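Visitor: Have a look at this one before I ask anything.
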Protein chains: 4
Amino acid sequence: MSAGAARKQTVNPQIGDRKVEKKSDRLPALELEAARWFNTDVPITLAGLRGKIVILHAFQMLCPGCVAYAIPQAKRLFELARGTDLVVLGLHTVFEHHAAMTPVALEAFVHQYRISFPVGVDQASTDGTIPKTMAAYGMRGTPSTVIIDREGHLVRHTFGTEDDLALGLLLGSLLNEPPVAEIESGAGNGE
Amino acid sequence: MSAGAARKQTVNPQIGDRKVEKKSDRLPALELEAARWFNTDVPITLAGLRGKIVILHAFQMLCPGCVAYAIPQAKRLFELARGTDLVVLGLHTVFEHHAAMTPVALEAFVHQYRISFPVGVDQASTDGTIPKTMAAYGMRGTPSTVIIDREGHLVRHTFGTEDDLALGLLLGSLLNEPPVAEIESGAGNGE
Amino acid sequence: MSAGAARKQTVNPQIGDRKVEKKSDRLPALELEAARWFNTDVPITLAGLRGKIVILHAFQMLCPGCVAYAIPQAKRLFELARGTDLVVLGLHTVFEHHAAMTPVALEAFVHQYRISFPVGVDQASTDGTIPKTMAAYGMRGTPSTVIIDREGHLVRHTFGTEDDLALGLLLGSLLNEPPVAEIESGAGNGE
Amino acid sequence: MSAGAARKQTVNPQIGDRKVEKKSDRLPALELEAARWFNTDVPITLAGLRGKIVILHAFQMLCPGCVAYAIPQAKRLFELARGTDLVVLGLHTVFEHHAAMTPVALEAFVHQYRISFPVGVDQASTDGTIPKTMAAYGMRGTPSTVIIDREGHLVRHTFGTEDDLALGLLLGSLLNEPPVAEIESGAGNGE
């Protein structure tokens, strides 16, 4: 077996019980719609992050699972990602208790929890309670995690907390994932 | 920036505060010297695992840090690794309390802790307390973790517990790591 | 040694490194000053709880240590206290980020974290940032814990999280603590 | 309500879902049968501990639940109990893998896990696998916890791990528990 052949087998592993889209099946990720951002001087777009791996943590500041697991995980991931092509983003997707989870409250939350990665405020919808990015992605609640590859394609979108080890494996494999062209042409040179 | 260029930057990330050897600087990993194995019908050698990523957990059954962190982590990793090229091995490196940590006791430990990955018994040395593989690798104690790439080269050797997220990132990146030739030639096609 | 003598030795144990006031040295606890209450139909006063053991958890909804440790501990304690003379109270003592931690936000927090014990809103001061009960008690921050005996006397007042085992030991010993008169007269009948 | 009346209500609380025997219903605890002891110069008997509250942790050194929860809890409890009438004991009740969990191995375990409270080795039975104290108490496995009051009577005997807060509440209440005579005569002076 050549090293090239071996690599192909692990391009899109299913990590744990969570499905990961094969590279050739992935669709473009929908653009974020944020009303404002914290921890960044310029608004962030997925288009501007092409070439990077993006992990987006959608959360609410009063969501216990977000505060206990997802936010601490995102903070540690942000530290581990320094110097790499992995970008960690937060998105405040308020779909309940809107009067309590205002941008003013979020600013205090970001300060109190010492969050230093960029956090966007999902754009409120005009006729409902679900904000725009959350609705477009069809998120079922918080925490939700969206992972996007270097081509801007959606790799995985999950609801609930993520296991550290499984998440690390997936993100690490994406950091070194070969381009589609290489994967496809690889079929002929090693098996 | 081309995707090829981007990939090069993340081939050998330093994960957290732990140094990872650059692929071109890695040396061949020393072969294991095991007196016997549990959970495998045939003895395991690193030579026989060429083409795979290997993570070796060196432990003692009466080492609190091993039992509380390293063993549970190895068990979860073994489950996550099913269907991939990642191989999880244990090595019982007894350097103290030899009368207590015999193979008979280890067999009970493997049963009680429901360990299903292969576990080797490090070969006792003839003139000292440190068993042979432990001595050859210069391990400072337990738990120690050794990570080996597809070419059988040593990627990292650490003493103490490993963070799940950092370990996952490293192992995931190794699963998709390009061959050395590709990394070196990559310098000319994108920067 | 008589059982009476034995009991005297444990009336006021120092639990861990936290000092517990001897019963004869305790001073009356200052009354609470709450602007409003959640999870109770009638306002609560310490005067009205004479004859009970009271544990008061002073917290802020955006205080990480409160959310991660003190609030979950208070919730479990409230469940364990059913049918006993132990009363669990919360007090929202906002001393920073006042615009974020309003009563409306607290109401959402109480709902999201499924808090069912009574929670008071510490009365805002007229000329400063520290609310009235917090100021009167000289609390240094959140979480702070105040424990009051059946006579309404202050047993202990601490800043920071409490160890479950140590806290349980103290509260259990207070539930069965003999009256002062009995402790004092006990000196003559058993040693 | 008098303080005396209030105290009676909490003498024998059910803590959580675990039943605690009423003082008047408790039976004498069976004596320990230990082949040898670690961490004490003289063998320990329950008879010799009359006047103290005793908590006995029955464990096996290769029992995961014991190592992860019960032993660390007993260690912390032993530290908290200094200077009080609470006595923490361990009992090594080996009912499986006897060849692995020998006294020599236990000695190494006690050293490696830095256990400083007294640990007895349950006396092997002559005709079976269950050692004598374990059999006499009808323990269902490990960890098992036995709590004994100042009169040497059995307060509670449970199988499985104990919640820190609940255990602390029970032990604290036992430390200050009035004698039976006082409880009974108390019925006439306050209600």
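The values are calculated or read from the model by the stated rules, or taken from the named source; none is laboratory data. For clarity, every value in this text was computed on a predicted model and none was experimentally measured. Neighbour counts run over all protein chains shown; Cβ positions are idealised from the backbone, glycine included. Remember, those area values only see protein heavy atoms, side chains included, never the ligands or the DNA or RNA. Shrake-Rupley method; radii C 1.70, N 1.55, O 1.52, S 1.80 Å.
Visitor: Would you mind listing the distances between the D:Arg50 label point and the same position in each other copy? Use 7 Å along Cα-to-C-beta, nm, one decimal, shortest first.
Guide: D:Arg50 label point versus its equivalents elsewhere: 4.2, 7.7, 8.7 nm.
Visitor: Report, in listed order, any pair from A:Lys22/A:Lys52; A:Lys52/B:Lys75; B:Lys75/D:Lys75; A:Lys23/A:Lys75 with a Cα-Cα distance greater than 22 Å.
Guide: Values: A:Lys22/A:Lys52 18 Å; A:Lys52/B:Lys75 31 Å; B:Lys75/D:Lys75 27 Å; A:Lys23/A:Lys75 27 Å.
In this structure, A:Lys52/B:Lys75; B:Lys75/D:Lys75; A:Lys23/A:Lys75 lie more than 22 Å apart at Cα.
Visitor: Which aspartates and glutamates have a Cα lying under 16 Å from the Cα of D:Lys132, excluding residues fewer than 8 positions away in the same chain?
Guide: List returned: D:Glu31, D:Glu33, D:Glu96, D:Asp122.
Visitor: Using bins 10 angstrom wide from zero, how does P(r) for the range D:39-144 break down, in % of all Cα pairs?
Guide: Over the range D:39-144, the share of Cα pairs per 10 Å bin runs 14, 49, 32, 5, 0 percent.
Visitor: Still on this structure: What accessible area, summed over both chains, is buried at the B-A interface (1.4 Å probe, Å², nearest 100)?
Guide: Details: alone 9950 and 9970 Å², together 17070 Å².
Interface area, both chains combined: 2900 Å², rounded to the nearest 100.
Visitor: Percent relative contact order of the range B:35-191, based on C-alpha pairs within less than 8 angstrom and at least six residues apart?
Guide: Working: 225 pairs, mean separation 48.3, N = 157.
Reported as a whole number, the value is 31 percent.
Visitor: Placing a label point 7 Å from Cα toward Cβ, how far apart in nm is B:Gly83 from its equivalents in the other copies, listed shortest first to one decimal?
Guide: 3.4, 4.8, 5.8
Visitor: Can you list the distances in nanometres, one decimal and ascending, from the A:Ala35 label point to the identical position in each other copy, with the point 7 Å along Cα to Cβ?
Guide: The projected label point of A:Ala35 is separated from its counterparts by 2.4, 6.9, 7.2 nm.
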